[in-house]
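Remarks on the structure that follows.
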Amino acid sequence: MFPPAYFLALDIVLQLITAIVALAVAVFAFRGFRWVGEKNLLYIYLAFTLLAVAFFASGMTYAYAWLAKLTLSRGAAPFLVLDLGLWVYYILSIGAYGILAFAYLRRVRDVPIGAAIVGTSLFLAAPPLETVMMVLLFVIFLSQLTHYGAKKSQNSLIVMSSFLMLLLSHIFILFGNLASFSYVVGKILQLFAFISLLYLLSRMRGPI
């Protein structure tokens, strides 16, 4: 999804900040994995490394589009770069959320499949790649909700809330075509979700 014109410059900044936060999450996850040996932390490290690259690629793609618009009189044509940049973003993001879905579903095997099917069917009107990401995030959220119901720990609550924010952020971004403010809210939610995961991993004292 391309941002509204008035938000493009700020979106570039948010994308790059999100990339840095995602990289920090990956670093703390890898550090935690070396300390406690929890395999899920290794999956988080792999996933957030991919997400860091994805958001960096997206941010640089939007930066190119912004600069190209300023130099349009010189015949700049950003469309090929936009296509390549967005494909990189979507492929890496889907890979990252796929890793997390695999990791969490290994741990929580009693996620209600019927609820997942009904819930994910709500996203079928979305563009295909956005649909895949939202389906994966919905499955991750369900697994975290189930895990929180079993554990009732503060860590599991933070993780569940973070993935709920990520899911909602993609829904808001999707409706950005109808109301540009929805896109802005989605991007801010996305960044807050990453920051909450970073906060958790930076003070981690047990499994998540």
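Every number in this text was worked out from the coordinates using simple rules, so none of it is lab data. Here the structure is a predicted model, which is why all the values come from computation and not from measurement.
Tell me, what ³J(HN,Hα) does each residue in segment 169-176 have, in order and in whole Hz, if you take phi through Karplus 6.51 cos²θ - 1.76 cosθ + 1.60 with θ = phi - 60° and put x for Gly and Pro?
My calculation for segment 169-176 gives 4, 5, 5, 4, 4, 4, 7, x Hz in order.
For segment 38-43, just list the computed ³J(HN,Hα) in residue order, Karplus coefficients 6.51, -1.76 and 1.60, θ = phi - 60°, integers in Hz, with x standing in for Gly and Pro.
Per-residue couplings from phi come out as 6, 5, 4, 5, 5, 5 Hz.
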